[in-house]
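J.: Mind looking over this structure? Questions follow.
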Amino acid sequence: FDLEFVWTKEKIVGNEPELASLDTAPLGISGSPLVQDRGIIDFTRADGDSCLRARKYPTSSYQNLEKPFINLGFPKMGTTSLYSFFLCGRVPSTHWVCGKKGLWTVGKRGKHIQCAQCIKEAFDAGHPPLSQCPKRGDAWLQIDGTWGVRGPNGKSEPFQFFPQIEMLEEIVQSYPRATYLLTFRSMEKWYRSLVEWTRVPKRNREHQGINYAEHIKMSNITGSPTMETPPNVQEFSEWFCHHVERVRNVIAQYPDATLVEVDIEDPETPQRMLEIFGFKEKCWGHKNANAVLTDANE
């Protein structure tokens, strides 16, 4: 599918760059009018769906949700909040780390294996993507990898792998009855969170001072912004929009799969999540703000 984006000049708060000014007519996806949303130009389809806003179906339409619950969203978009939510609901869950005693990442809690690593290794060996991780659960809330990994030669090497992009079709095909989650937030806030997250292990001296947005651009992730231009909110919004459209299109091909779209900034989200998943406690809350950085990514 092809998406057409048209942007207007919008000054972003803080040190973020301005968006380019275009004099062309304001047409969005499928030729529909663009909608101003959260201080940035939104991409709205002719049918009214936006790739920057979660679709809010009646909570009663979500019935008998099947496991596993798999988050296909991006890092810094509420993954820790999802993890806390499912743990609070007594659902065995994983978040970024899927086992210990691995050779890929060394953190404060000792050596551990990223979910992205064991998911990729399982797929490469011809197994279902989630089947080979040492720590498995019913909810997988961050499946992408991060930087600061140890390669086969024992030296630190950059590594960034997004199974939700590189293996999207294979994951949904392997789990055609699963419940998938896709999180949304303000593009400006998401981008600011990426550029402010610069925590890199001290041993990776060559990567010190590189923020998350820059690291994504360096990692050659399919469809992600490239190193041709400095990081900016425009290109990251476009990348996210393409991902949302692709996730929606792929899951729509599987009638037994369910997609739950979650706006982590919507004040109605706590109640909606409780009603959708049937938890008895008010478990939803925003976690892992940049003020306190942890090994995991929000």
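J.: Quick one: Cα centre-to-centre distance for the range 71-86 and the range 212-235, in angstrom?
T.: When both Cα centres are located, 21 Å separates them.
J.: Relative to the present Cα-Cα distance, how much length would full extension add between Glu281 and Arg136 at 0.36 nm per residue of separation?
T.: Contour length minus Cα-Cα distance gives 49.8 nm.
Values quoted throughout were computed directly from the atomic coordinates according to the rules given, and no laboratory measurement underlies them. Model, not experiment: these values are computed from the prediction.
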